[in-house]
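Input: a single structure, listed below in structure tokens.
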Amino acid sequence: MSHDKYISPFETRYASPEMQYIFSEDNKFRTWRRLWIALAKAEKANGLNITDEQIAELEAHKDDINYEDAIRREKECRHDVMSHVYAYGLQCPNAKGIIHLGATSCYVGDNTDVLVMKEGLELVQKKLVGVLALLAKFADEYKDMPALAYTHLQPAQLTTVGKRASLWLNELYMDYEEITSRMNALALLGSKGTTGTQASFVELFEGDSVRIKAVEASIAAELGFDKVVPVSGQTYSRKVDFQVLSALSGLAQSAMKMCTDIRILANFKEMEEPFEKNQIGSSAMPYKRNPMRCERVCALARYLMVDILNPAFTAGTQWFERTLDDSANKRIAVAEAFLAADSILNILLNVCDGLVVYPKVIRSRVMAELPFMAAENIMMSAVKKGGDRQELHEKLRQHSIAAAAQVKEEGKPNDLIDRVVNDASFGLTHADIDGVLVPEHFTGRSAQQVEEFLAEVIRPVLAAHPEAAGQHAELNV
């Protein structure tokens, strides 16, 4: 590998070989040739003078792209599509005259972009289902374990470790739904011609709209689509790119939320991402266990979330039937959005496959806060023993304030229970209160909610994609 020029970190550190191939030149130009073959077949089937021999010649060279000829030609003519038409023609002299017949550059360019985005979404969907499977297993395993729940990042009531994971899981499921919807909504540009009017095909087919539409339908079927866009200028609407990248941005948002929570939990020492045997957390502090995987997800997510501004501006600045200022931006923004999404999912697969939970720390933190959360239950127990509810409420308020001050101002343990036991008006013993302070009694329907969510929402998705379950990811660095 060369070390004297810029190399994208997506290539060396983050994105998978599969996603890199989808956005490779090889996949792009092989798809161009598939489109030229589909066009020739459709035109022949609808009466144009194209022979089986010509199509066979095109198919014989669909994958062995003569890059040197195309590169040399592009330096002369400054047009990438015509350079590849020329190079293909060198390999297929008998078919040279019918390559790209009636088409404009966007026939191969835009149709390929749609095909590549569909391939990218399929890979994203597959990996996302793998994350759902791992996280569902985790949520099910820890659905009963009480943990502190937070609002405003302040202890509120109790939840369970599994219930919190179900919140992450639900947002990722929403992304699955959006990504699947966008994938299914994709349509080929088809063969619309220079300004979308199909004028060149009107000329070729002598104004026969039935045959012109049949050509488009045949091309779509050959490429695995059941529809083409109904109307267009020279290009498909650039809003499609924005919609697709918006779905990927949604994935980034969910990933950042989840990984931020894990980073905070790591600070609490309740949970952390996998930490390898020989991993170094800090160059200066040997004891450090930095959550570098989750930090990386947050960094890549931020990049992806900002990237959707590119297709938004591109869609808004397309003049009339098309303008070329979309091209340079589009080929960077769309590709890197998919590479970023793929990178995020690779890390999530790795993180979710090895999440570490520390039950004793979780329990200790719960018990430190539970006396405050159980105040009403304690009060009701005292009322049952003959206490005055209003009087006890005021005393409990004062004891709670004093106990909180001791914790915050003096750094001492929460002594609310001792204060209540030592206050004769409550008439409660430690044994009485211990019977109240059972964390499992304060988690509401958390466990049942997890069970219902997994059964009704997540497992049907996993059943629909059995090939995606059990995925793992090894990180490059």
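The values are calculated or read from the model by the stated rules, or taken from the named source; none is laboratory data. Since we're looking at a predicted model, the values are computed, not measured. Neighbour counts are summed over all protein chains in view; Cβ atoms, including those assigned to glycine, are modelled from backbone coordinates with ideal geometry. Heads up: the accessible areas ignore ligands, DNA and RNA and are worked out on the full protein's heavy atoms, side chains in. Shrake-Rupley method; radii C 1.70, N 1.55, O 1.52, S 1.80 Å.
Structural remarks
- Among the residues making up region 14-50, those that are in a helix (DSSP H, G or I), over 20 Å from Ala333 (Cβ atoms), of a type outside the set (Gly, Ala, Ser) and open to solvent by 50 Å² or more (accessible area, probe 1.4 Å) are Pro17, Glu18, Arg30, Arg34, Lys41, Lys44.
- For region 422-440, the condition of being touching a residue at least 60 places away in the same chain (Cβ under 8 Å) and touching an Asp or Glu at 6+ places or on another chain (Cβ under 6 Å) holds for none of the residues.
- Whichever residue in region 240-256 is among the hydrophobic types (A, V, I, L, M, F, W, C) and over 14 Å from Trp168 (Cβ atoms) and, among such residues, is surrounded by the fewest Cβ atoms within 10 Å (Cβ to Cβ): Phe242
- Pairs linking a residue in region 352-365 that is under 16 Å from Asp140 (Cβ atoms) to a residue that is crowded, with 19+ Cβ neighbours inside 10 Å, with Cβ atoms under 6 Å and 6 or more positions apart or on different chains, are Cys352/Val131; Cys352/Leu134; Cys352/Leu135; Asp353/Leu134; Leu355/Phe138; Val357/Met271.
- Every pair of residues 6+ apart whose Cβ atoms lie under 6 Å, when the first sits in region 56-84 and is in contact (Cβ under 8 Å) with a residue 12 or more places away in the chain while the second is of a type outside the set (Gly, Ala, Ser) and in a loop (DSSP other than H, G, I, E, B): Glu57/Cys92; Glu57/Asn94; Leu58/Cys92; His61/Cys92
- Members of region 177-206 found to be in a loop (DSSP other than H, G, I, E, B), open to solvent by 40 Å² or more (accessible area, probe 1.4 Å) and touching a residue at least 40 places away in the same chain (Cβ under 8 Å), listed by number: Thr194, Thr195
- The set of residues from region 408-420 being surrounded by fewer than 17 Cβ atoms within 10 Å (Cβ to Cβ) and either within 18 Å of Val366 (Cβ to Cβ) or touching a Cys at 6+ places or on another chain (Cβ under 7 Å) (or both) comprises Pro413, Asp415.
- When residues of region 218-239 are limited to those that are small (Gly, Ala, Ser) and open to solvent by 40 Å² or more (accessible area, probe 1.4 Å), the one nearest to Leu115 (Cα to Cα): Gly224
- Residue check: Phe426 meets all listed conditions (1) farther than 14 Å from Ala374 by Cα; (2) modelled with pLDDT of 85 or more; (3) not β-branched (Val, Ile, Thr) but one, namely (2).
- Matching residues in region 207-240 - criterion: being part of a loop (DSSP other than H, G, I, E, B), touching a residue at least 60 places away in the same chain (Cβ under 8 Å) and polar (S, T, N, Q): Gln234, Thr235, Ser237
- Flag for Asp69 being surrounded by fewer than 17 Cβ atoms within 10 Å (Cβ to Cβ) and over 26 Å from Leu189 (Cβ atoms): no
- Residue match in region 331-354 (condition: under 29 Å from Thr112 (Cβ atoms) and modelled with pLDDT under 95): yes
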